[in-house]
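Any read-out appearing in this document is the output of simple, stated calculations on the displayed coordinates, not a laboratory observation. Remember, it's a predicted structure, so these values are computed and weren't measured experimentally. We place every Cβ from the backbone using ideal geometry, glycine too, and count neighbours over all the protein chains shown.
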Amino acid sequence: MCLGIPGEIIEISQERPDLAKVAVSGVKRTINIGLLSDDPPTPGEWILIHVGFALSKIDEKEAAAALEFLESIGKAYEDELAALRDSRID
């Protein structure tokens, strides 16, 4: 199962504005935010991430609810975090 998981934007790359560092449940990783070019996220905002890409912006309340649900389903969420932890965008 593949899930979209919420992450908070930490910083936007100066050299590559289509890339941003995000924090997801203690995991910090660079992801592609290019799909959100019409309304680019800024540090402090929350996004929904799937396979290294930001799919949409979400608010903090929605992010908290999604994280609570994802943590409750166990293994699928743990697998998604492991995939994020192992991913790299250079």
For Asp18, Asp39, ascending order of other Cβ atoms within 10 Å (fewest first) is Asp39, Asp18
Using a cut-off of under 15 Å, list every residue of the stretch 37-52 whose amide N is near the label point 7 Å from the Cα of Asp79 along the Cα-to-beta-carbon line. 51
By per-residue mean of other Cβ atoms within 10 Å, what is the highest-first order of 57-63, 45-51, 69-75, 20-26? 45-51, 20-26, 57-63, 69-75
Within the stretch 37-69, which residues have the backbone N less than 15 Å from the label spot 7 Å out from Lys28 along Cα→beta-carbon, could you tell me? 43-44
Just round it to a whole percent: the fraction of Cα-Cα distances in the stretch 32-88 exceeding 15 Å. 55
Run the dipole for the chain about the Cα centre, Lys and Arg Cβ at +1, Asp and Glu Cβ at -1, nothing else charged, and hand back the magnitude in debye, nearest 20. 240
If you average the sequence gap of Cα pairs under 8 Å that are 6 or more apart and divide by the length of the chain, what percent do you get for the contact order? 30
